[in-house]
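Note sheet for the following structure.
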Amino acid sequence: MSLLMKELETSSFLRGKYEVKSFRKEEIILNAEDRLDSIIILKSGKLKTYSLSENGAKHLMRIYEAGGLLGDVEVFTDSVVICFVEAMEDGEMYVIKREHFLKWMEHDFNISLYIVRQLAEKLINTGIKMRSAVSYPLKYQVLLYIWKYVSQYKNNCIPKVLIVEELGSNIRSINRILKQLAEEGIIINLSGKIKIEDLNLVLTMMSQYELC
């Protein structure tokens, strides 16, 4: 259990000041341009955030698991929601009104510090993603996402649709790269997903691009 969930569930300060809402797989939780007056903390399940290009292609921004915090940027800056939020599986979420959440931060220094760290992590990940897109070819970007996904979720099977959405590329280009990686013994191509055979080979190949 994350610090955020643990503190939320045991905080006398927040007792009676939040709701628990359920959601279903593929449900759209938030739309881009929505006005948000609450913070969301994921209790169970998975959510993904993404933007849509003019041609309707999804560009994956982030995947959230239990303990994940959504809406912090919008609430802090009083701005509209910048991404779509969609459920990847059934689950539940805590919903806390803006005024209660901000008072909670004032009341609990550990929570404030934790949230600042979460924001910093989001900024770092966004910077890495932008640098990769500008500086490296598509194959490196695929390798980087594979490494990040396996490292973060401890799962060596990745849905292909997440790779396509993450990189904002077309499925044909992604399939071409995945075919090369399969021929090199790094992955196994399965129906709708890939299985990572050797994460060390992923790191070795990434390092070859980084040394160029």
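No lab work stands behind these numbers, since they all come straight from the coordinates. Here the structure is a predicted model, which means the values were calculated and not measured. No Cβ is skipped: glycine too gets one built from the backbone with ideal geometry, and neighbour counts run over all protein chains shown.
Hey, which of these cross-link pairs are over 32 Å Cα-Cα: 46/97; 43/160; 46/139; 17/195; 43/139; 46/179? As for pairs spanning more than 32 Å Cα to Cα, those are 17/195; 43/139.
If you average 1/r over all unlike Cα pairs in the chain and invert the result, what Kirkwood radius do you get in angstrom? Kindly include the intermediate steps, with their values, before the conclusion.
Working: mean 1/r = 0.0535 Å⁻¹.
Result for the chain, one decimal place: 18.7 Å.
Each part gets one Cα centre, and for the stretch 158-212 versus the stretch 91-137 those centres are 28 Å apart.
What number, in percent, do you get for the relative contact order of the chain if the mean sequence gap of Cα pairs under 8 Å and at least 6 apart is divided by its residue count? Normalised by residue count, the contact order of the chain is 21 percent. List the residues of the stretch 99-130 whose backbone N lies under 20 Å from a point placed 7 Å from the Cα of residue 78 along the Cα-to-Cβ direction. Residues 99-106 fall inside that zone.
In a reduced charge model with +1 at each Lys and Arg Cβ and -1 at each Asp and Glu Cβ, the chain shows a dipole moment near 380 debye about its Cα centre.
Each Lys and Arg adds +1 at its Cβ and each Asp and Glu adds -1 at its Cβ; summed about the Cα centre, the stretch 136-212 shows a dipole of about 240 debye.
Given the stretch 152-196, what whole percent of its Cα pairs are spread farther than 14 Å? In whole percent, the share of Cα-Cα pairs in the stretch 152-196 beyond 14 Å is 47.
Under a 5 Å amide H cut-off, with hydrogens placed 1.01 Å from N, residue 193 pairs with 160 among residues at least 5 apart or on other chains. Screening the chain for whole DSSP H helices with an alpha carbon extent of at least 24 angstrom along the helix axis and a mean Kyte-Doolittle hydropathy of at least 0.0 yields 109-135.
Taking square-rooted eigenvalues a ≥ b ≥ c of the alpha carbon gyration tensor, is the stretch 136-210 rounded, prolate or oblate, where a/c under 1.5 means rounded and, failing that, a/b exceeding b/c means prolate? Rounded, since a/c falls under 1.5.
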